[in-house]
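So the structure is just underneath, and the comments pick up after that.
Where a number appears in this text, it was derived from the coordinates with a stated rule and is not lab data. Only a predicted model underlies this, so the values are computations on that prediction, with no experimental measurement involved. Cβ placement follows ideal geometry from the backbone for every residue including glycine, while neighbour counts extend to all protein chains displayed.
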Amino acid sequence: MEVLSVDITVPLRSYTLDLAFDLEPATIALVGPSGAGKSTVLRAIAGLTRPSDGRIAVGDDVWFSSEQKIDRPPEERAVGLVFQEYALFPHMNVRRNVAYGGGGRVDELLTRLRIHHLGDARPGDLSGGERQRVALARALAREPRVLLLDEPLSALDAHTKVTVRGELRELLRELRLPTVLVTHDFEDAAVLADRVGVIVDGELVQLDTSDRLVANPASPFVASLTGANLLEGNARLNNGLAEVVLDDGATVFSTGAETGRVGVVIYPWEITVSRQRPDDSALNHVEGEITSLVTVENRVRVAIGRLTAETSTQSAENMGLKEGERVVASFKATATRLLPLA
Amino acid sequence: MQISARNQLKGTVTGVTTGNVMAEVTVDVGGQEIVSAITRGSVESLGLAVGDDVTVVIKATEVMLAKS
């Protein structure tokens, strides 16, 4: 199992990017506002930006080390890089675009990414999702040991995006490569990545699973960036409503229209907390133990099992909420959205 | 009922309109009308009908204000 190890310092115009992480074959998403230094991390790993200090290695293979004076050029780093707008060659057909990355496995990759039938098409004739698969095939043709994706979904319209995102997620799981992806959208990060790193002004302020970031944000900024709870399960339609059986066995009702493998999105402020199951119109009542209470300015994030609710500080104090006690988290079916995951 | 939502207003149901999946319930709260969009299933399981006394529950974070 190869580990990508990154520990770098890169002076930028208004601040210094300074961050470190180790990544086993899994996906890490770097999220943060524009100009936070996210893309610089990808460029440094690919060898397109030179850090002033630090070390980048894959297993025992050192790509950059300021101490050992190693700085391997981009072509000597086994990196598959997918650019924001995919950067396909418009005058070449799909097959030649992929072959540009490396000639040996073009047919295998076209088949694997389900674009074999498009081999003779030009990028201009393809949909956004197809173009993304061509860009991924070209990146994989280099036989990379690390995959880097810069805003992989930003070139897609909102409707195409959710479908392509589900496909990309499956593909990343199959590839099992250390993958670093950059996005400004927390929902994309939560769907695609195993761990999410929040970068602000060049600093990695928090790195954790998406549900732990929602439950336990390190700062008000992280709290505002990490929008929603994301629960996974299988949905089927029942009297016009989606009935989602979550992976932990609980059932959630949603007015979303997706079926099959889905993510259920619920914002923390849509969830109310009570001691007994309220006799109200909300269709969803999930009972669980309070595992953490984290105050963010004048609000409190209340983690109840895998769900996190947000109440005002006043409300949490009035109720005397405490860690370890059993409570009910209630939310409306209309407060949920469903995302296709496969 | 102890619940974290801070606004709990007593009112009376003045109208129930049901669609296939969703329903719109209007409630008179001290002379002002509040509209609730809930699922038809919830209307049925609560047995909501015109004239029923209900509590309107609104989280403080869901309330918008406009200056009149």
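Annotation: amide H of A:Thr49 within the under-5 Å range of A:Ala44, sequence separation 5 or more or interchain, hydrogens built in the peptide plane. The simple spin-label model puts a point 7 Å past each Cα toward its Cβ; for B:Ala37 and A:Leu48 those points are separated by 4.3 nm.
Distances between placed amide hydrogens fall under 5 Å for A:Val296 paired with A:Arg301, all partners being 5 or more residues away or on another chain.
Mean separation of Cα pairs under 8 Å and 6 or more residues apart, divided by the residue count, gives chain B a relative contact order of 39 percent.
In order along the range B:17-27, the phi-based Karplus estimate (6.51 cos²θ - 1.76 cosθ + 1.60, θ = phi - 60°) of 3J(HN,Hα) comes to 10, 10, x, 5, 10, 9, 9, 10, 10, 9, 10 Hz; Gly and Pro are listed as x. Peptide B:32-42 is shielded by partner chain Cβ atoms: per residue, an average of 4 of them sit within 10 Å of its Cβ.
Evaluating 6.51 cos²θ - 1.76 cosθ + 1.60 at θ = phi - 60° for every residue in the range A:84-94, the Karplus couplings come out as 3, 9, 6, 6, 6, 7, x, 8, 9, 6, 4 Hz, glycine and proline recorded as x. Here the protein assembly as shown is described by how far its Cα atoms reach on the three principal axes: 76, 48, 45 Å, from widest to narrowest.
Can you work out the PRE-style zone for A:Asn239? Point 7 Å along Cα to Cβ, and I want the residues of the range B:39-68 with backbone N under 19 Å. Counting backbone N atoms under 19 Å from the label point, the list is B:39-50.
Using only Cα atoms, figure out Rg for the range A:286-333 and give it as a multiple of 2.2 N^0.38 Å.
Rounded to two decimals, the normalised Rg is 1.05.
Would any residue of the range A:115-129 have its amide N under 11 Å from a label point 7 Å out along Cα→Cβ of A:Glu174? List them or say none. Answer for the range A:115-129: A:115. Distance between the modelled labels on B:Thr26 and A:Ser34, one decimal in nanometres: 4.5 nm (7 Å Cα→Cβ projection). Lysine pairs in the protein assembly as shown whose alpha-carbon atoms fall under 22 angstrom of each other, counting only those eight or more residues apart or on distinct chains, come to 6.
Under a 5 Å amide H cut-off, with hydrogens placed 1.01 Å from N, A:Ile271 pairs with A:Glu310 among residues at least 5 apart or on other chains. Summing Lys and Arg as +1 and Asp and Glu as -1 over all other residues whose Cβ lies under 13 Å from the Cβ of A:Thr16 gives a net charge of -3. Per-residue shielding of A:28-35, expressed as the average number of other chain Cβ atoms within 10 Å of the residue Cβ, stands at 0. Shielding by partners for peptide A:304-314, expressed as the average number of C-beta atoms from other protein chains within 10 Å of each residue's C-beta, is 2.
To the nearest 20 debye, what is the magnitude of the charge dipole of the range A:229-340 about its Cα centre, counting +1 on the Cβ of each Lys and Arg and -1 on the Cβ of each Asp and Glu?
120 debye
Summary value for chain A: 16 percent relative contact order, contacts being C-alpha pairs under 8 angstrom separated by 6+ residues.
Taking the DSSP bridge list for the range A:131-236 and keeping only pairs wholly inside it, about 55 percent are antiparallel. Sequence-ordered 3J(HN,Hα) estimates for the range A:121-137 from the Karplus curve with 6.51, -1.76 and 1.60 and θ = phi - 60° stand at 6, 8, x, x, 8, 9, 6, x, x, 5, 4, 5, 5, 5, 4, 5, 4 Hz, glycine and proline given as x. Taking the Cα atoms of the range A:1-134, the ratio Rg/Rh between the radius of gyration and the Kirkwood radius comes to 1.03.
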